[in-house]
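Take a look at the structure set out below.
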Amino acid sequence: MRVTAALTAACALLAACGSGRNSDDEGSAKKPGPVPVAKGHARVPVPRGDGSEIADDFNGDGHRDLVLNDLVKRQSHEDDAGIGIVYGTRGGLRPGARQLISPARQGAATKGQLPAVFDAEESCDLDGDGFTDLVVSTDPPYDGQGRPPVPLQILFGSPGGLTGKAVKLTVPARARAGNDWPDQPVCGDFDGDGANDLVLHASESQLTYLRGPFTRKGVPRAAGQPLVAPGNVPTRPAVDVNRDGYDDLLVREGGDVSPSSVVYGGPNGPARTGFALPAGADVSFGRFGRTKAALDAAIGSQGGTSLRYDLTGPGATVRGTLDVPGTVLAAGDFDGDGFDDLVSSGSELRVFRGRTSGLSASAVVTVKPPATGTTRVLAVADLTGDGLADLAVRTYRGETKDTVAVYPGREEGVVAAEPQVTFSTAEFLERSG
């Protein structure tokens, strides 16, 4: 499960780029062997920045960037190529300004062995230099005996983006519990000191809490004993639910569909369990209705989406439902009215409008996917820099074909009927990538 918010998901994202679909996006390969590599967006240099406070801004130029896992392959059953980064520019995402992050070129070796797996897990500015950093998971060698090595590595942002070698995240022995893998990283300022921290899974009922800022060698400022937790899986993103200045953490009990609880941040980090949420496949926080000052929660499942309005007030009980499946949720203010809108990408891609009366199935906009296939939300974020949230989605059409599309937010109509830009992750497979 992934939790998304009016930040996502996830997911993680980012005009001078041309719009329209690539010539190689349509159809499917009918013969075995390599497929043509999409050439829809000529490669351009990554813009150079001098630092910013924008989320997911790896080159610090003030524009959000996009992170992509699970790139398509040249042919079926090929190894994963790595992580794709598309950099944002003035007016939106620019697919030509792209970068392929591969474990062979940028991974840190363990016992002389480079990782074969590189998956983007979390992003935030861990060292406080104004450039977003990327936390990735790897597959270090482990014989199954004793405590496993730390599988997480950090790629630090810079004026040129994620250009350097990764470093291993240091997790002190005192901050671990048992022989579980220290994984599931979540960024947030949980102790309110202005620096980003990391929370990791430690055991069935404990969390590892690493205080930032981090050094360029991946060492946290401090780390104490594991914290008691109401579940097994810390889940991103961190959100200040009770508006006290400390980021709070959602923790799942475990499994794809399970109950979860909010753990409040404070001077000692995420150490105080707040309220519980019903079981569901996904959770999204946003200001969906009633009052613009209150944070609400939507809990999605195959059977429908439960709504909890005003989490800052007493009780925080379920106050409504949407009779629609919501296995992947995201939230953001697409139309600029001060209320967040809820995106659901279950069987359909739909946007439910936030308003004073709350979310309703009668106030819904259905988004036409960019291609035929399985479409999921990548992120909801202001990718175009106009102050309105935008919707980034990806449609899979097999191991060798996909389409990524960005639909801008609109004051009228919630989101644009047609995407501003589309591209395929096959573009990362060019030899020069």
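Only the Cβ atoms of Lys and Arg (+1) and of Asp and Glu (-1) were treated as charged; on that basis the dipole of segment 277-418 about its Cα centre amounts to roughly 360 debye. Measuring r between the beta carbons of residue 362 and residue 337 and using R0 = 22 Å, the FRET efficiency lands at 0.85.
Packing-based ranking of 326-335, 186-195, 102-111 yields 326-335, 186-195, 102-111, ordered from highest to lowest mean Cβ neighbour count within 10 Å. Taking θ as phi - 60° and the Karplus parameters 6.51, -1.76 and 1.60, the scalar couplings of segment 222-231 work out to 7, 7, x, 5, x, 9, 5, 10, x, x Hz in sequence order, x denoting glycine and proline. In the full protein context, the chain carries 39 Å² of accessible surface per residue, based on a 1.4 Å probe and ignoring ligands, DNA and RNA.
Between residue 272 and residue 312, the simple label model (points 7 Å from Cα in the Cβ direction) yields a spacing of 1.7 nm.
With a 1.4 Å probe and every protein chain kept in, tell me what percent of the accessible surface of the chain is carbon plus sulfur. Summing carbon and sulfur atoms, their accessible area is 48 percent of the total for the chain.
Is segment 198-242 rounded, prolate or oblate when judged by the Cα gyration tensor, a ≥ b ≥ c being the square roots of its eigenvalues, rounded requiring a/c under 1.5 and prolate requiring a/b larger than b/c? It is oblate, given that a/c is not under 1.5 and a/b is not larger than b/c.
Taking every DSSP bridge with both residues inside the chain, close to 95 percent are antiparallel. Sorting the segments 118-124, 128-134 by their mean number of nearby beta carbons within 10 angstrom, highest to lowest, gives 118-124, 128-134.
Select one label from (i) 23.8, 85; (ii) 20.6, 68; (iii) 20.7, 61: the one whose number is Rg and Dmax of the Cα atoms in Å as derived from the coordinates shown. The listed entry that was calculated here is (iii).
The simple spin-label model puts a point 7 Å past each Cα toward its Cβ; for residue 79 and residue 430 those points are separated by 2.4 nm. Taking a ≥ b ≥ c as the square roots of the Cα gyration tensor eigenvalues, with a/c under 1.5 meaning rounded and otherwise prolate when a/b beats b/c, else oblate, which class fits segment 64-204? Oblate.
The phi-based Karplus calculation (6.51 cos²θ - 1.76 cosθ + 1.60; θ = phi - 60°) puts the 3J(HN,Hα) values of segment 44-54 at 10, x, 5, x, 9, x, 10, x, 7, 10, 6 Hz, whole numbers, x for Gly and Pro.
Fully extending the segment from residue 102 to residue 348, taken as 0.36 nm per residue of separation minus the present Cα-Cα distance, adds 85.3 nm. Modelled spin-label separation between residue 416 and residue 228, with each label point placed 7 Å from Cα along the Cα-to-Cβ direction: 5.2 nm.
Taking 0.36 nm per residue of separation and subtracting the Cα-Cα distance, full extension of the segment from residue 215 to residue 174 would add 12.9 nm. When the Cα positions of 246, 398, 327 are compared along the charge dipole of the chain, 398 comes out farthest toward the positive end, with charges on each C-beta of Lys, Arg, Asp and Glu.
The values are calculated or read from the model by the stated rules, or taken from the named source; none is laboratory data. All values derive from a computational prediction rather than experimental measurement. Methodologically, a virtual Cβ is constructed for each residue, glycine included, from the backbone with ideal geometry; neighbour enumeration extends over all protein chains shown. The accessibility values were calculated without ligands, DNA or RNA, using every heavy atom of the protein model including side chains. Shrake-Rupley method; radii C 1.70, N 1.55, O 1.52, S 1.80 Å.
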